[in-house]
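Asks: Before anything else, here's the structure in question.
The values are calculated or read from the model by the stated rules, or taken from the named source; none is laboratory data. Keep in mind it's a predicted model, so treat the numbers as computed, not measured. Counting neighbours? That spans all protein chains shown, and the Cβs are built from the backbone with ideal geometry, glycine included. Keep in mind that these areas ignore ligands, DNA and RNA; they rest on the heavy atoms of the full protein, side chains included. Shrake-Rupley method; radii C 1.70, N 1.55, O 1.52, S 1.80 Å.
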Amino acid sequence: MAYIHSCPSPLGSITLSSDGEALTGLWFEGQTHFGSTLSGGEEDKPLPLFDRTEEWLKDYFSGRDPGAAPPLAPKGTPFQRAVWQLLLDIPYGDTVTYGRLSQRLAERMGRKSMSPQAVGGAVGRNPISILIPCHRVVGSGGSLTGYAGGLERKILLLKREGVPLTQEGRVDQRGRRSHLP
């Protein structure tokens, strides 16, 4: 059985989904690919997992690093899941470029290179926003490229994490380096 639950946030209504044991989705109302992994037969039901996720989100939106996420089980292709796993390695308050993310994925897969565009496509299909931090991925030179939840939300999420932004709306990369292992 699959379950859904809605909760408020400072950035708009959020819909959560679960298989009963792990979180399978988290979308802002109206975002691109909203409910992409939902079948339509989900039951709207309160679950302890949803309560735990809401507590995590409250900590996050209050500007604190919320620590370990609730159990996650995103649905996607093996390639997408490999990209989403890498997103979990980006520390709170840090960013990484699509190019660096692609290099790291290629290293993990034993390949010489990986297409940043393919990685970007998988990042954009992330079904668990915020907890799988796709908002921490930026373009070359710190440009704030697309975010399924909307560019304004991406900016606000990065600001909440203390990521310095320039007046031009880019990540200020002076003195910063990616900590992606």
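Asks: Which residues, counting only those in region 25-62, are closer than 12 Å to S129 by Cβ, assigned to a helix (DSSP H, G or I) and touching a helix residue (DSSP H, G or I) at 6+ places or on another chain (Cβ under 9 Å)?
Replies: Y60
Asks: Let me ask something additional. Pick from L87, L105: which is open to solvent by less than 40 Å² (accessible area, probe 1.4 Å), over 22 Å from D65 (Cα atoms) and of a type in the set (A, V, I, L, M, F, W, C)? Spell out the reasoning first.
Replies: Working: L87 fails: over 22 Å from D65 (Cα atoms).
The match here is L105.
Asks: Would you be able to tell me the number of residues in region 20-69 that are in contact with a Pro (Cβ under 7 Å, 6 or more places away or on another chain), buried (at least 16 other Cβ atoms within 10 Å of the Cβ) and free of Cβ contacts under 8 Å to residues at least 60 places away in the same chain? Break it down into steps so the answer makes sense when it comes.
Replies: Of region 20-69, the ones in contact with a Pro (Cβ under 7 Å, 6 or more places away or on another chain) are 21-25, 36-37, 49, 52-53, 56, 59-61.
Now narrow it down to the ones that are buried (at least 16 other Cβ atoms within 10 Å of the Cβ): 23-25, 37, 49, 53, 56, 60-61.
Those still in the list that are free of Cβ contacts under 8 Å to residues at least 60 places away in the same chain too: 49.
Total satisfying the criteria: 1.
Asks: Another question, if that's okay. For Y147, only one of the following conditions fails: (1) open to solvent by 20 Å² or more (accessible area, probe 1.4 Å); (2) in contact with a Gly (Cβ under 7 Å, 6 or more places away or on another chain). What is its number?
Replies: Just one mismatch for Y147, condition (2).
Asks: Which ranges mark the helices (runs of 4 or more DSSP H) fully within region 70-178 that have 1 or more residues being in contact with a strand residue (DSSP E or B) (Cβ under 7 Å, 6 or more places away or on another chain), in contact (Cβ under 8 Å) with a residue 60 or more places away in the chain and under 28 Å from G30 (Cβ atoms)?
Replies: Working: elements: 78-87, 98-109, 116-124, 151-160.
Where helices (runs of 4 or more DSSP H) fall fully within region 70-178 and carry at least 1 residues being in contact with a strand residue (DSSP E or B) (Cβ under 7 Å, 6 or more places away or on another chain), in contact (Cβ under 8 Å) with a residue 60 or more places away in the chain and under 28 Å from G30 (Cβ atoms), they are 98-109, 151-160.
Asks: Shifting gears a bit: Do we find that K159 is among the basic types (K, R), under 26 Å from F79 (Cα atoms) and either open to solvent by 20 Å² or more (accessible area, probe 1.4 Å) or at pLDDT 90 or above (or both) in this structure? Outline the logic, then answer.
Replies: Numbers: among the basic types (K, R): yes; under 26 Å from F79 (Cα atoms): no; either open to solvent by 20 Å² or more (accessible area, probe 1.4 Å) or at pLDDT 90 or above (or both): yes.
No; evaluated as a whole, the condition is false for this residue.
Asks: Going by the conditions given, is S18 polar (S, T, N, Q), over 29 Å from V171 (Cα atoms) and touching a strand residue (DSSP E or B) at 6+ places or on another chain (Cβ under 7 Å)? Walk me through how you get there before you give the answer.
Replies: On the way: polar (S, T, N, Q): yes; over 29 Å from V171 (Cα atoms): yes; touching a strand residue (DSSP E or B) at 6+ places or on another chain (Cβ under 7 Å): yes.
Yes; evaluated as a whole, the condition is true for this residue.
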